[in-house]
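Notes follow once the structure below has been shown.
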Amino acid sequence: MLPASNLLLLSCRSPFLDDAKVYPPLANFYLKSYVERYLPDTRVIVGDDDYDVEHLAWVRDYDAVGISIMTPQRHEALRLAAAIKAASPRTTVIAGGPHVKHYWQDLAREPVFDFLVPLDGEKALVAILAGQASSRTLSSVLTREEIATQPRPDRTSDNAIQILRRYRYLLCGRPATTLMTARGCPERCTFCEEALTAVRWSSLDSIGHQLDDIRAAGWRAVYIFDDLFAISLPKIQPICQQLSKRELWYRCNAQARYFTKWGEDMAQLLANTGCVEVAFGAESGSQRILDNVQKRCTVEQNYQTVRYAKKYGIQVKAFILLGLPGENAGTLAETEAFIRDSGIDDFQCAVYMPFRGTAIRQALDHGTAIDLQLRPAGSDGEITGAYGIKGGQTAYEVRTCALSAEDLRQHRDHLVSRYRPRSHRSSWQNEDCFFDEAISPYADV
């Protein structure tokens, strides 16, 4: 393509969600700032998901449209790309986002996508827009140095403010938005497609300027969206101090081995600098399941993480995954015991989905012996890909030797109905049955 002077960045609609307007699409604002730095003559607009595929004549104003795609959005992305090409055949359509990383070969068969960007989008997008792309699929990864020096995501332009204000996220009653301080995860979890990806931190200066932008825009809290923020006490201490300096409350993600490595010091640091909630992947209450997926932590460390956080007044949300390899009635009972006894304030419970790019999916695709069977429910023969869907539900596309998909559905429904986590409020709030308040500590948090 010829050098582009007008770029539109879109996120796909997520019709499967109860509310798609919670966490804003930060990736597009990173891309906007990067393109504006290296191609200052290119006009970059971040769009929203309020498009109408039947009326896209306006896309003719753009030389290129970038579409960020998650796996459960893949059908919507294809429909959107086809509509763009029908309305404006000359407009270059670029596919990026998490789905492209591991499903690019599927997308390569779709002629509506002119370029595919499976990894970091910044340098690839600049090459495409400058007319210097060497192939249809462009893979590039920003180095640690490049991440540290990249421009911060746009939160100050009229375009950015307009889009960001459409997202409604409250953290303990405060208007909140999202923040990334690092990309990547060093863990080896076999169920996760982000395992063993290099951790690359933004500079403290950049983070400070981002926090200033956030305050100036009126937000008073942030969700630090890093895969693992509470990972190293010396590394995060200056970031926490920057948050405290600006009186921003925050929520962050943790992992039990790191959280407990420092004794109570990690919890104390977070609490003293404005952390009001920690979310962590407990996954299971069974040590056998944790070992099966190379979680590299113990059930006791999961319990200890909750105790440390609660001691310092931090709320705790646990992510629970049912249906991991080796799951049976006994391991499900151990997970229920963790939910009941650990003291967590909230949990999000889903049944595992083996995405491509995970070690478990690779084992399944290669016929390696593993106690898990996959029955994809997507119309294209692939998993549907959404851990959370309307009504607080999830999908059931795996089974183990001991448990059918129906067994997993019944147990998840039991956990959600009995313990009523606020993350699944839409599942239980209208149920016509009696609940014992003494065993339902999550509903009124």
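The values are calculated or read from the model by the stated rules, or taken from the named source; none is laboratory data. Keep in mind the model is a prediction, meaning the values are calculated, not measured. With ideal geometry, Cβ positions are generated from the backbone for all residues, glycine too; neighbour counts draw on all protein chains shown.
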Among (1) in contact (Cβ under 8 Å) with a residue 12 or more places away in the chain; (2) over 26 Å from Glu406 (Cβ atoms), there is one condition Gly330 misses while meeting the rest; what is its number?
(2)
Test Ser404 against the stated conditions and say whether it is surrounded by fewer than 16 Cβ atoms within 10 Å (Cβ to Cβ), in contact (Cβ under 8 Å) with a residue 60 or more places away in the chain and small (Gly, Ala, Ser).
no
Go through the range 301-358 and give me each residue that's of a type in the set (Asp, Glu) and assigned to a helix (DSSP H, G or I).
Glu334, Glu336, Asp341
Number of the exception - Leu171 against (1) surrounded by fewer than 21 Cβ atoms within 10 Å (Cβ to Cβ); (2) out of contact with any strand residue (DSSP E or B) (no Cβ under 7 Å at 6 or more places or on another chain)
(2)
Name the one entry in Val100, Val65 that is in contact with a Pro (Cβ under 7 Å, 6 or more places away or on another chain), closer than 30 Å to Glu382 by Cα, surrounded by 18 or more Cβ atoms within 10 Å (Cβ to Cβ) and not assigned by TED's automatic domain parsing to the domain that holds Asp205.
Val100
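Does the range 26-41 contain at least one residue that is in a loop (DSSP other than H, G, I, E, B) and in contact with an Asp or Glu (Cβ under 9 Å, 6 or more places away or on another chain)? Full working, then the answer.
First, the residues of the range 26-41 that are in a loop (DSSP other than H, G, I, E, B): 39-41.
Now restrict to residues that are in contact with an Asp or Glu (Cβ under 9 Å, 6 or more places away or on another chain): none.
Within the range 26-41, not a single residue is in a loop (DSSP other than H, G, I, E, B) and in contact with an Asp or Glu (Cβ under 9 Å, 6 or more places away or on another chain).
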Can you tell me how many residues within the range 121-149 are free of Cβ contacts under 8 Å to residues at least 60 places away in the same chain and assigned to a loop (DSSP other than H, G, I, E, B)?
10
Take the range 232-257 and flag every residue that is out of contact with any strand residue (DSSP E or B) (no Cβ under 6 Å at 6 or more places or on another chain), closer than 20 Å to Leu204 by Cβ and assigned to a helix (DSSP H, G or I).
Leu233, Pro234, Lys235, Ile236, Gln237, Pro238, Ile239, Cys240, Gln241, Gln242, Ser244, Lys245
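Which of the strands (runs of 3 or more DSSP E) contained wholly in the range 155-220 include at least 3 residues that are touching a Phe, Trp or Tyr at 6+ places or on another chain (Cβ under 6 Å)?
Answer list for the range 155-220: 174-179.
Take the range 148-162 and flag every residue that is of a type outside the set (Lys, Arg) and either within 20 Å of Val44 (Cβ to Cβ) or touching a Leu at 6+ places or on another chain (Cβ under 9 Å) (or both).
Quick first cut of the range 148-162, residues of a type outside the set (Lys, Arg) only: 148-151, 153-154, 156-162.
Of everything in the range 148-162, those that are of a type outside the set (Lys, Arg) and either within 20 Å of Val44 (Cβ to Cβ) or touching a Leu at 6+ places or on another chain (Cβ under 9 Å) (or both) turn out to be Thr149, Gln150, Pro151, Pro153, Asp154, Thr156, Ser157, Asp158, Asn159, Ala160, Ile161, Gln162.
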Qualifying residue in the range 11-22 (condition: buried (at least 16 other Cβ atoms within 10 Å of the Cβ), in contact with a Leu (Cβ under 8 Å, 6 or more places away or on another chain) and either assigned to a helix (DSSP H, G or I) or at pLDDT 95 or above (or both))
no
Consider the range 71-81. How many of its residues are under 15 Å from His55 (Cα atoms) and either free of Cβ contacts under 8 Å to residues at least 24 places away in the same chain or buried (at least 16 other Cβ atoms within 10 Å of the Cβ) (or both)?
2
A careful count of residues in the range 337-347 that are in contact with a Gly (Cβ under 7 Å, 6 or more places away or on another chain) and surrounded by fewer than 19 Cβ atoms within 10 Å (Cβ to Cβ) gives 1
Under the condition of being closer than 18 Å to Trp104 by Cα and among the β-branched types (Val, Ile, Thr), which residue from the range 123-137 is surrounded by the fewest Cβ atoms within 10 Å (Cβ to Cβ)?
Thr137
Only listed residue being on the phi < 0 side of the Ramachandran plot, touching an Asp or Glu at 6+ places or on another chain (Cβ under 6 Å) and not hydroxyl-bearing (Ser, Thr, Tyr), chosen from Leu142, Leu164:
Leu142
Restricting attention to the range 282-300, does a residue exist that is closer than 22 Å to Arg215 by Cβ, surrounded by fewer than 19 Cβ atoms within 10 Å (Cβ to Cβ), of a type outside the set (Asp, Glu) and assigned by TED's automatic domain parsing to the domain that holds Leu204?
no
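Identify, from the list Ala133, Ala108, Ala86, Ala64, the residue that is small (Gly, Ala, Ser), within 20 Å of Ala160 (Cβ to Cβ) and more than 22 Å from the chain's Cα centre (by Cα). Talk me through it step by step, then tell me what you get.
On the way: Ala133 fails: within 20 Å of Ala160 (Cβ to Cβ); Ala108 fails: within 20 Å of Ala160 (Cβ to Cβ); Ala86 fails: within 20 Å of Ala160 (Cβ to Cβ).
One residue alone meets the criteria, Ala64.
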For residues that are more than 14 Å from Ser284 (Cα to Cα) and basic (Lys, Arg), scanning just the range 302-322, find the one that is farthest from the chain's Cα centre (by Cα).
Lys311
Residues being surrounded by fewer than 18 Cβ atoms within 10 Å (Cβ to Cβ) and over 17 Å from Leu415 (Cβ atoms): count how many of those fall in the range 390-401.
2
